[in-house]
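The values are calculated or read from the model by the stated rules, or taken from the named source; none is laboratory data. Since the model is a prediction, treat every value here as computed from it, not as a measurement. Cβ atoms come from the backbone with ideal geometry, glycine included; neighbour counts cover every protein chain shown. Side chains included, ligands, DNA and RNA excluded: accessible areas come from the protein's heavy atoms. Shrake-Rupley method; radii C 1.70, N 1.55, O 1.52, S 1.80 Å.
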Amino acid sequence: MNNGITGADPSSGSTAIVIGHGDFAAGIVSAVDVICGFGSRFVPLTNRNLAPEAIEALVRSNCERTGARVIFTDLPGGSATVAARRATRGADGFTVVSGVSVAVLLAWAMHAGTPSEAAAFAVERGRAGLAVIGAPGAD
Amino acid sequence: MPIEFYRIDDRLIHGQVVVGWGQPLGLGFIVLVDDEVAASDWEQDLYRMGVPPGMQVFFESVAEAGMAARRHDADPRRGMLLTRDIATMARLLESSGRTARVTVGGLHHRPGRTARLRYVFLTPEEEQELRDLASSGATVTAQDLPSTRPVPLADFLNREKSA
């Protein structure tokens, strides 16, 4: 797969929503900003204290406000993911990615393809970034 | 064994339920009782995604749950029954004739609701629904996670959490 990075100017790219529990989204976006400077590509949201329909409304309004077509969530099957799926149900061009990590957001921010292409690439990068280091019995 | 955990949580199946309760308590199954979810494959798919391997989920309407109660009682695994609101739990217990220990696990902010705990917001009508539930024989407490202290109904109804 073409990594789409060479020659790209990721700072001119589109915006994505990041939503999760507590301060997860703000924290992970801050980490991305420290590492690559493109934290402004992400809109961090929290589901703290919100009823399910309010989480859905929050996602929907921020997608409308920013034009975001990719939504990253913290936990597969969590209330943020449920809300993201409800908010985008029946609408074309949206991608929801659950179980997001710093590696996933970095890969998305640095990719020059379309938001959904970048999301698919980022998920692969995220999976590849998972490693157990120093496992018992390993050399 | 009879279902041990009866929980009211407006987020239904979510991280706190499957991880915060499910793993420490070794839950084998969840019964999600909701007429709307029971009638929709899409809704069931949404919630099924949150259930880890090794934990089974049953989607039942209130009527179905009443009929399925004995089958769940015969299940040797530990189970949790979930409803999204007080009214559904009340209908279920009334129709089944059972009393239960009901946990209010999450009723989040909505217009008209007042915060009673960090995770429990209630309208006056909902407060009365909880009182009625208790009067019918249910033991009602609020508890977000197993590691936190259950708060008796009288305690959290008399408490107004400061903003």
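Results, tabulated for the structure shown:
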{"quantity": "Using a Förster distance of 30 Å, the FRET efficiency for A:E53-B:D45 (Cβ separation, nearest 0.05)", "calculated": "0.95"}
{"quantity": "Heavy-atom accessible area per residue - chain A, 1.4 Å, Å²", "calculated": "49 Å²"}
{"quantity": "Rounded percent of accessible protein surface that carbon and sulfur make up, the protein assembly as shown, 1.4 Å probe", "calculated": "53 percent"}
{"quantity": "Helix-only [θ]222 nm of chain B, DSSP H runs n ≥ 4, -39500 (n - 2.57) each, per residue, nearest 500", "calculated": "-9000 deg cm²/dmol"}
{"quantity": "Pair B:D73, B:Q56: separation of 7 Å Cα→Cβ label points (nm)", "calculated": "1.8 nm"}
{"quantity": "Length-normalised contact order of the stretch A:51-139 in % [C-alpha pairs under 8 Å, at least 6 apart]", "calculated": "25 percent"}
{"quantity": "Per-residue ³J(HN,Hα) for the stretch A:47-62, Karplus 6.51 cos²θ - 1.76 cosθ + 1.60, θ = phi - 60°, Hz, x for Gly and Pro", "calculated": "9, 4, 6, 8, 5, x, 5, 6, 5, 4, 5, 5, 5, 4, 5, 6"}
{"quantity": "Longest to shortest principal axis, alpha-carbon extents of chain A, angstrom", "calculated": "50, 40, 28"}
{"quantity": "For B:11-17, mean number of other protein chain Cβ atoms within 10 Å", "calculated": "6"}
{"quantity": "Isotropic mean projected area of the C-alpha convex hull, the stretch B:90-154 (nm²)", "calculated": "4.5 nm²"}
{"quantity": "Rough spin-label spacing in nm, given labels placed 7 Å along Cα→Cβ, for B:A63 and B:D132", "calculated": "2.1 nm"}
{"quantity": "At least 50 Å² of accessible area lost relative to the chain alone, listed for the stretch A:38-56 with a 1.4 Å probe", "calculated": "A:N49, A:P52"}
{"quantity": "Counting DSSP beta bridges with both ends in the protein assembly as shown, the antiparallel % (nearest 5)", "calculated": "10 percent"}
{"quantity": "Peptide B:34-46, shielding by other chains (average Cβ, 10 Å cutoff)", "calculated": "1"}
{"quantity": "J(HN,Hα) series, the stretch B:121-133, from Karplus relation 6.51 cos²θ - 1.76 cosθ + 1.60, nearest Hz, glycine and proline x", "calculated": "10, 9, 7, x, 5, 5, 4, 5, 4, 5, 4, 5, 4"}
{"quantity": "For the stretch A:63-107, residues shielded by at least 20 square angstrom of accessible area compared with the chain on its own, probe 1.4 Å", "calculated": "A:L75, A:P76, A:G77, A:S79, A:V82, A:R85, A:R86, A:R89"}
{"quantity": "Cα-derived Rg to Rh of the stretch B:22-163, Kirkwood definition", "calculated": "0.96"}
{"quantity": "Rounded if a/c under 1.5, otherwise prolate or oblate - the stretch A:40-90, Cα gyration tensor axes", "calculated": "rounded"}
{"quantity": "Rounded to the nearest 20 debye, dipole of the protein assembly as shown from Cβ charges on Lys, Arg, Asp, Glu", "calculated": "440 debye"}
{"quantity": "Förster radius 30 Å - calculated FRET efficiency between B:N158 and B:L25 (Cβ-Cβ, nearest 0.05)", "calculated": "0.55"}
{"quantity": "Estimated translational D of the protein assembly as shown in µm²/s (Stokes, Kirkwood radius over Cα pairs; 4 °C; 1.567 mPa s)", "calculated": "62 µm²/s"}
{"quantity": "Solvent-accessible area lost in complex, 30 Å² minimum, residues of the stretch B:72-121 relative to chain alone, 1.4 Å", "calculated": "B:H108, B:H109, B:R110"}
{"quantity": "Ellipticity estimate at 222 nm from DSSP helix runs (n ≥ 4, -39,500 (n - 2.57)) divided over chain A, nearest 500", "calculated": "-13500 deg cm²/dmol"}
{"quantity": "In the A-B interface, the accessible area buried, summed over both sides, Å² (probe 1.4 Å)", "calculated": "1600 Å²"}
{"quantity": "Per-residue HN-Hα couplings for the stretch B:22-31 [Karplus 6.51, -1.76, 1.60; θ = phi - 60°; Hz; x = Gly/Pro]", "calculated": "x, 6, x, 8, x, 5, x, 7, 10, 10"}
{"quantity": "Accessible surface, chain B, averaged per residue in Å² (probe 1.4 Å)", "calculated": "46 Å²"}
{"quantity": "Percent of beta bridges antiparallel (DSSP, the stretch B:5-163, rounded to nearest 5)", "calculated": "20 percent"}
{"quantity": "Shape of the stretch A:16-70, Cα gyration tensor, a/c cut at 1.5", "calculated": "oblate"}
{"quantity": "Cut-off under 5 Å, modelled amide H: who pairs with A:V18 long-range", "calculated": "A:V43, A:L45, A:F72"}
